[in-house]
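Shown next, in structure tokens, is the structure this report addresses.
Here, each number is a calculation from the coordinates, and none is a lab measurement. Everything numeric here is computed off the predicted structure, so don't read it as measured data. Note: ideal-geometry Cβ built from the backbone for every residue, glycine included; neighbour counts use all protein chains shown.
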Amino acid sequence: MCYGISIYLSESDTFNKNWIEKAAKNGFQYIFTSLHIPEERDVDFIKQVKWLGNTAQSFHMDVMADISPASLERLDLGISELPSLKDWGITGIRMDYGFTAKQIAWLSHSLKIGLNASTIDEVQLKELVDEGLQVTQTEAWHNFYPKPYTGISSHSLKARNDLFHRYGIKTMGFIKGDDLLRGPLHEGLPTIENQRSTTPVHGSFELSELGTDKICVGDLNLTDQTLEAFRYLMDGIVPLYVDISEGYVNLYNSVHTNRMDAAQYVIRSVESRTKPSKWLQEIQNPTCFTKGTITIDNQLYGRYAGELQICLDDLPANPKTNAVGMVRDESLPLLKYVGSGKKFVFLNQQI
């Protein structure tokens, strides 16, 4: 899985450089930028695109630029001159509209090409291949949708991904940010409409589950806490924000592994039983351990004492088991991604 960020040339160089640097340090690998956004008419595109390419290279990040025929005028380039964008530090171009199949196929021999995954159909895709499109140099990039209720469904995205995968083309989708949301609407920039109300981490897991190969933050940035979560995610660890009871705070930042023989109703930590434990029974009054309850078996459970579990459903409370914490609401949807042999970590985000 590959992760990227979006850079908007109307933002200040200082803001953009700080975000690029922070993203690069946290494992993000590429940059998306658009050269035909209506709100960016006053940008000196030649200067800013060269600045972006140079800055991205200094942090070892690729740049994909969304272009249109109008963009070429702003850049003072013709179609035949587009390969020279590599000299500006631009890795590839997403060709949205206004270009012929022959032009796109020709350019794929010298630049990475991004097709519009949300709009191109199979007839057009076949035409591109027939014209000599280099599929190994081609990706399919979904749109993001600033206006609420205009994003596509998860079913539609999966179908589109499947189409491009049949031709050996990787796909990219956008997730929203959670710090500064881009204007003018400030409603988030996801590909899937339902992700407008979810966390970026949840959106990333969902896109991956739907077969998306690359994931890009559509908005201006992410909070430091979310960047921390993405560091774990990139290492194959599911980050769970939790509240831990006093006396058990050593569980924060601890990485666990769900058993290979994953249980139906609970996540069972392999690591929690590697050493003998004698957890004392705590007097607790709940009649039910609700979904997301973190438990540790006490000494009444004999050889199971010390086993840490997370409830995947509402379960009857047990005097042999201590409730020691709770997965926060925003992380509950991530529990389904803690499958057989999957690692997870408990994080303590300031609310």
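Relative contact order for the chain: what percent, with Cα pairs under 8 Å and sequence separation of 6 or more?
Details: 706 pairs, mean separation 47.2, N = 351.
Relative contact order, the chain: 13 percent.
Determine the relative contact order of region 85-196: mean sequence separation of Cα pairs under 8 Å and six or more apart, normalised by residue count, in whole percent.
Numbers: 183 pairs, mean separation 26.9, N = 112.
The value is 24 percent.
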Answer label for Rg/Rh (Cα atoms, Kirkwood Rh) (calculated), chosen among (i) 0.97; (ii) 1.07; (iii) 0.99: (ii)
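Below 8 Å between Cα atoms, with a sequence gap of 6+, how large is the relative contact order for region 251-351 in percent?
Numbers: 200 pairs, mean separation 37.2, N = 101.
Taking the mean separation of contacting Cα pairs over the length of region 251-351, I get 37 percent.
Could you please rank Val217, Val327, placing first whichever residue has the fewest other Cβ atoms within 10 Å of its Cβ?
Starting with the residue having the fewest Cβ neighbours, the order is Val327, Val217.
Which order results if His256, His165 are arranged by neighbouring Cβ count within 10 Å, fewest first?
On the way: His256 22, His165 14.
Least to most surrounded, the residues fall as His165, His256.
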Cα-based Lys pair tally, region 123-279, threshold under 27 Å, eight or more apart or on separate chains: 12
Qualifying lysines (Cα of each under 16 Å from Cα of Lys50; at least 8 residues distant if same chain): Lys17, Lys86
Length added when fully stretched, Glu209-Asp121, from 0.36 nm per residue minus Cα-Cα: 29.4 nm
Sequence-distant lysines (8 or more away, or on other chains) whose Cα lies within less than 16 Å of Lys336: Lys291
From phi via Karplus (6.51, -1.76, 1.60), per-residue ³J(HN,Hα) for region 177-192 in Hz, x at Gly/Pro: x, 9, 10, 9, 8, 6, x, x, 8, 6, 10, x, 10, x, 7, 8
Long-range HN-HN contacts of Ala140 with modeled amide H, under 5 Å: Leu115, Lys170, Thr171, Met172
